[in-house]
Amino acid sequence: MNFELKTLSLAAAAKSSTDTLIVLISESFQAGKDPLSELIDKATKAKDFSAKAGKSLQAYAIAGVGAAKIVLVGVAQGKPADVKSAVAGAMAGLKSAETAKTLIVFAGAASADTLQAAVLAVAEGTYVYGTTLSTPKARKLTQVTLGVASANQAMKDTFAASVAMVQGIEFAKEWANRPANHATPTLLGKAAQGLAKSAGFSCEVLGPKEVAKLGMGSFMSVAKGSAEPLRFIVLKYQGATKSDAPVVLVGKGITFDTGGISIKPAAEMDEMKFDMGGAASVLGVFKSLTVLKPKINVVGLIPACENMPDGLAVKPGDVVTSMSGQTIEILNTDAEGRLILCDALTYAERFKPKAVIDIATLTGACVIALGAIRSGMFATEDDLAEALLKAGNEAMDLCWRMPLDDDYADALKSNFADVANVGGRAGGAITAAKFLHRFAKKYPWAHLDIAGTAWKGGAAKGATGRPVGLLLQYLLSQQIAGKK
Ligand code: BES
Ligand code: MN
Ligand code: ZN
């Protein structure tokens, strides 16, 4: 799908030849003398349309309008959230139609934020997964033009960033949606290498031998029950000078989580193929970086393996030694995400990072706490927390800060090791974060628990591509901060 931004008056938009013309009308819209203004005016007077959010009207073959189909959509005051839901609604209408080309024109003021909202909503509304279908349905929409009365540099930059963001989101969706037998640790490693090769950044994929040499005993203990060999993926994007400290992104890459010996119930276990959503989001961010080429340094780390029950699998009560030297009593083999992340967090130290952000479908408790709207965000520094919260708001990929009080770590005490891998049920998202915190003492650190936001269940089952938007927005804000 190709996006372009054009400066267009409503009169010019009317003349454009396109399959479908979507007109976003805000309450402050002043009708002119062009054919579209006249249509809006007539429909409003007839009370068939208003600029209220959620209102829409379709029309066909209007004199003086090039498009076969016209959709008028109300966007109320034209806030990003209104534009997003208006465009999403219009896209739902297009899904079954034969629309290859669409022009979305803002009747009323547009801004950088509303442009971004429109681009994201078009992509979201028309995404189709097809990789493992015998006859995949292709996305019909191939050309999307956004028309605005005028575009300043900020709008042009944001537009370019949004288009790159969409490519990252869709890359993440693709890998997260793939069934576990089509997205093994080996295949994830190959996907990372393919991305690196096409874009010219560096990628190293370590296997069991190298990981053993590094002393990642915690990560290795999770992979032990699986016939699929583990992979540790290291991606390096260098857009700034070498001496510039990188941001390190660490993505949980459990390609399937059965729970291991502490096995999960059968219902909805298929959804545990999405347990590499954090890893997919790291790959997605790298996809976006290669499109946008911002002047920042970013390292991506992905520990990838399956969590399976087996004769060789790690057992409840086993004690393992992490790369940091800390010993861990594994009381529940289903709390495996933290076991693979802790070694990656130790590995991250070598990059002397500006910040480390891990992204993980870590706890069911986070789903209970925040549902599917906001990801859980934990941070050791206030400025990092604020930057992530702001980035989430801007990218409409929300998060919410959760606490890291040391008292929460009491739940992780063990009689047989330095730390246990689980606390009780109380504050489960926080005790998981406190476990990780022990391994993230050497740099500013944030943890995003995306268990509730990385995918949707039910009839709309599928990956969301979150939090690629939040992460990319954060990284781009770092680029601007670095310029000063
Ligand atoms: N991948 C799961 C977390 C998860 C569960 C995400 C449900 C989305 C929906 C994780 O590995 C896990 O199993 N966590 C356990 C931890 C518990 C054993 C302390 C959980 O949340 O139940
Ligand atoms: Mn688990
Ligand atoms: Zn898991």
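The values are calculated or read from the model by the stated rules, or taken from the named source; none is laboratory data. None of the values given here were measured: they were computed from a predicted structure. Glycine also receives a Cβ, built like all others from the backbone with ideal geometry; neighbour counts cover every protein chain displayed. To get the accessible areas, we keep the full protein, side chains included, count just its heavy atoms, and leave off ligands, DNA and RNA. Shrake-Rupley method; radii C 1.70, N 1.55, O 1.52, S 1.80 Å.
Some points to look at:
- Restricted to the stretch 247-269, and to residues there that are more than 10 Å from ligand 1 (Cβ to nearest atom) and not hydrophobic (A, V, I, L, M, F, W, C), the residue that is nearest to ASN177 (Cα to Cα) is THR255.
- The requirement of being more than 13 Å from ligand 2 (Cβ to nearest atom), in a helix (DSSP H, G or I), surrounded by 19 or more Cβ atoms within 10 Å (Cβ to Cβ) and of a type in the set (Phe, Trp, Tyr) is satisfied by PHE219.
- Just one of (1) out of contact with any strand residue (DSSP E or B) (no Cβ under 7 Å at 6 or more places or on another chain); (2) open to solvent by 40 Å² or more (accessible area, probe 1.4 Å) fails for GLN193. It is (1).
- The set of residues in the stretch 292-305 being away from ligand 3 (no atom under 16 Å from the Cβ), in a strand (DSSP E or B) and either of a type in the set (A, V, I, L, M) or open to solvent by less than 10 Å² (accessible area, probe 1.4 Å) (or both) consists of VAL298, VAL299, GLY300, LEU301.
- Positions within the stretch 466-484 being aliphatic (A, V, I, L, M) and open to solvent by 40 Å² or more (accessible area, probe 1.4 Å), in sequence order: ILE480, ALA481
- Residue within the stretch 216-229 that is within 16 Å of ligand 3 (Cβ to nearest atom) and without any contact (Cβ under 8 Å) to a residue 24 or more places away in the chain present: no
- Whenever a residue of the stretch 439-454 is under 16 Å from GLY469 (Cα atoms) and not assigned by TED's automatic domain parsing to the domain that holds ALA355, it has no partner that is among the acidic types (Asp, Glu) and surrounded by fewer than 24 Cβ atoms within 10 Å (Cβ to Cβ) lying with C-beta atoms less than 8 angstrom away and at least six residues away or across chains.
- Scope the stretch 433-465; condition part of a helix (DSSP H, G or I) and either charged (D, E, K, R) or open to solvent by 10 Å² or more (accessible area, probe 1.4 Å) (or both); matching residues: LYS434, HIS437, GLY458, ALA459, ALA460
- Answer residue from the stretch 338-372, given it is within 15 Å of ligand 1 (Cβ to nearest atom) and among the β-branched types (Val, Ile, Thr) and is farthest from GLY253 (Cα to Cα) among those: ILE368
- Residue in the stretch 195-217 that is within 21 Å of the chain's Cα centre (by Cα) and under 23 Å from VAL320 (Cβ atoms) present: no
- Test: residue in the stretch 249-261 that is modelled with pLDDT of 95 or more, more than 16 Å from ligand 3 (Cβ to nearest atom) and on the phi < 0 side of the Ramachandran plot: yes
- Close pairs (6 angstrom Cβ cut-off, 6 or more residues apart or separate chains): within 17 Å of LEU301 (Cα to Cα) in the stretch 198-214, in a strand (DSSP E or B) and open to solvent by 60 Å² or more (accessible area, probe 1.4 Å) anywhere: SER202/LYS236
- The stretch 349-399, subset hydroxyl-bearing (Ser, Thr, Tyr) and within 16 Å of ligand 2 (Cβ to nearest atom), residue nearest to LEU471 (Cα to Cα): THR361
- Whichever residue in the stretch 223-263 is assigned to a loop (DSSP other than H, G, I, E, B), basic (Lys, Arg) and surrounded by 17 or more Cβ atoms within 10 Å (Cβ to Cβ) and, among such residues, is farthest from ligand 2 (Cβ to nearest atom): LYS224
- Set GLY337, GLY364, GLY325, GLY392: member being among the small types (Gly, Ala, Ser) and at positive phi: GLY325
- Cβ pairs under 6 Å, 6+ apart, first in the stretch 270-291 and open to solvent by 10 Å² or more (accessible area, probe 1.4 Å), second away from ligand 1 (no atom under 14 Å from the Cβ) and not small (Gly, Ala, Ser): LYS273/PRO179; LYS287/GLN167; LYS287/PHE171; VAL291/GLN167
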